[in-house]
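Colleague: This is the structure, below, for whatever I ask next.
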Amino acid sequence: MNGKVKEVKHRWILLAAVTALGFFADIGTKYLAVTRLEERVPVNVLGEYLQWLLVYNEGAVFGTKPPGFFSWMHPSVFLSIFMLFAISFLIFYYRALKKNEVLMHIGLMLVLPGAFGNLYDRLIHGKRGVVDFIRMGFPPDNYWFIYNVADIFVTVGVAVMLINFVMEAVQKKPAGEAAAEPAGEAKTEAVATASGEMTAAPPMEAAAATDNAEPDGITKGADAGIISEEK
């Protein structure tokens, strides 16, 4: 699929709609997790491979922590400030996109609701932490990070944007090679032309030498006639 095949129409309406749907889906599922689940008590969904497990995350996406040099600041405060800057940057970046950059539009439309969902949860329940409740992996100990619906939106959105970057890089490479081929052909033709001119030069010189020789022959003939008359 080419990321620049079609144009995105009504992109701000689409962004608002997707952001609202993703935001309320995240907040709604977090509300259900808090009201229906007991903290750190797993509930099997697909055996022990997929579980509901309620935890409160003070870190970032998938439970990652902020850098150590911000240890004096509460993680929720640091991450809230960081996310505000990140959301502002994403909106400005979205505004700068061309309408035919379809995959980038899709990626940002998915990242933003996830960012807003976790930011809201962090601002409203900063001391408690963000609600995470989905756990996947292989029992008994090989489990992935515990996450929520907002994390899913962010992860899928980033993956779509990375796919777009890879596709653009692959498309630019053949274009560069195609542009290099005519240049190589032109260079070969120029060398061949120069070689032909150099090869054709000796006959011209020979012809010039013949032309120069003819007057000498005529002079010699004239001299011979004068000598004959004298005799």
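The values are calculated or read from the model by the stated rules, or taken from the named source; none is laboratory data. Keep in mind that what you see is a predicted model, and the values were worked out from it rather than measured. Cβ: placed from backbone, ideal geometry, glycine included. Neighbour counts: every protein chain shown.
Colleague: Take PHE69 and tell me if it is at pLDDT below 95, outside any loop (DSSP other than H, G, I, E, B), of a type in the set (A, V, I, L, M, F, W, C) and touching a strand residue (DSSP E or B) at 6+ places or on another chain (Cβ under 9 Å). Steps first, please.
Modeller: On the way: at pLDDT below 95: yes; outside any loop (DSSP other than H, G, I, E, B): yes; of a type in the set (A, V, I, L, M, F, W, C): yes; touching a strand residue (DSSP E or B) at 6+ places or on another chain (Cβ under 9 Å): no.
Considered against the rule, which asks whether it is at pLDDT below 95, outside any loop (DSSP other than H, G, I, E, B), of a type in the set (A, V, I, L, M, F, W, C) and touching a strand residue (DSSP E or B) at 6+ places or on another chain (Cβ under 9 Å), PHE69 comes out as no.
Colleague: So the check is Cβ under 8 Å with 6+ separation or different chains; which pairs have a first residue in the range 95-121 that's at negative phi and part of a helix (DSSP H, G or I) and a second one that's surrounded by fewer than 23 Cβ atoms within 10 Å (Cβ to Cβ) and among the charged types (D, E, K, R)?
Modeller: VAL102/LYS4; VAL102/LYS6; VAL102/GLU7; HIS105/ARG11
Colleague: State which residue is nearest to VAL149 (Cα to Cα) when the search covers only the range 10-48 and only residues that are surrounded by 13 or more Cβ atoms within 10 Å (Cβ to Cβ) and hydroxyl-bearing (Ser, Thr, Tyr).
Modeller: THR29
Colleague: Yes or no: TYR31 at negative phi, among the hydroxyl-bearing types (Ser, Thr, Tyr) and modelled with pLDDT under 95?
Modeller: no
Colleague: Does ASN118 satisfy the condition of being modelled with pLDDT of 90 or more, within 21 Å of LEU14 (Cβ to Cβ) and either surrounded by fewer than 20 Cβ atoms within 10 Å (Cβ to Cβ) or within 26 Å of the chain's Cα centre (by Cα) (or both)?
Modeller: On the way: modelled with pLDDT of 90 or more: yes; within 21 Å of LEU14 (Cβ to Cβ): no; either surrounded by fewer than 20 Cβ atoms within 10 Å (Cβ to Cβ) or within 26 Å of the chain's Cα centre (by Cα) (or both): yes.
Criteria not met by ASN118.
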